[in-house]
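J.: Could you have a look at this structure, given as structure tokens, before my questions?
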Amino acid sequence: MKFIIDNWMLLCVALASGGMLVWPVIKGASGGSLDPAGAVQLINRERAVVVDVSEPEEFAAGHIGGAKNVPFDLLEKKLTETVKNKTLPVILVCATGARSNRALAAVKKLGYEQAQALGGGLKAWKDANLPIQNT
């Protein structure tokens, strides 16, 4: 007990750093990241709109069927024109999932509360042997 009293600050730092290590695991399990199977279910059952935030060249090289291309840099300006119904689920996609995860906060700020990012991006979609389209 004397050790705890004498080193209370050290124990607080250890607990805080442990919490920071666990936070990404908790956040990933509960929020933004969606697996390809979950995305297919949202598309088929709830008519989710797939928004690809890749650059037009990347989009032309391959994308999920029916996806709408809204580049990351133009997302806040063009998303409301592209997806008018804010009650539909929105699935954000990019090549690896990095840009779509960054875009998630901006999309939710625009009022798309059911927005989710496809974890692993188009690479995870391909790895799940799901079809892609080329334009």
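Throughout, read-outs are computed from the coordinates displayed, never taken from laboratory work. Only a predicted model underlies this, so the values are computations on that prediction, with no experimental measurement involved. Every residue, glycine as well, gets a Cβ built from its backbone with ideal geometry; the counts of neighbours run over all protein chains shown.
J.: Can you list the residues, at least 5 places off or on another chain, whose amide H is less than 5 Å from the amide H of Ala115, using H built in the peptide plane?
T.: Val90
J.: Given a Förster radius of 30 Å and the C-beta distance between Asp35 and Met9 as r, what FRET efficiency does 1/(1 + (r/R0)^6) yield to the nearest 0.05?
T.: In this case the efficiency is close to 0.15.
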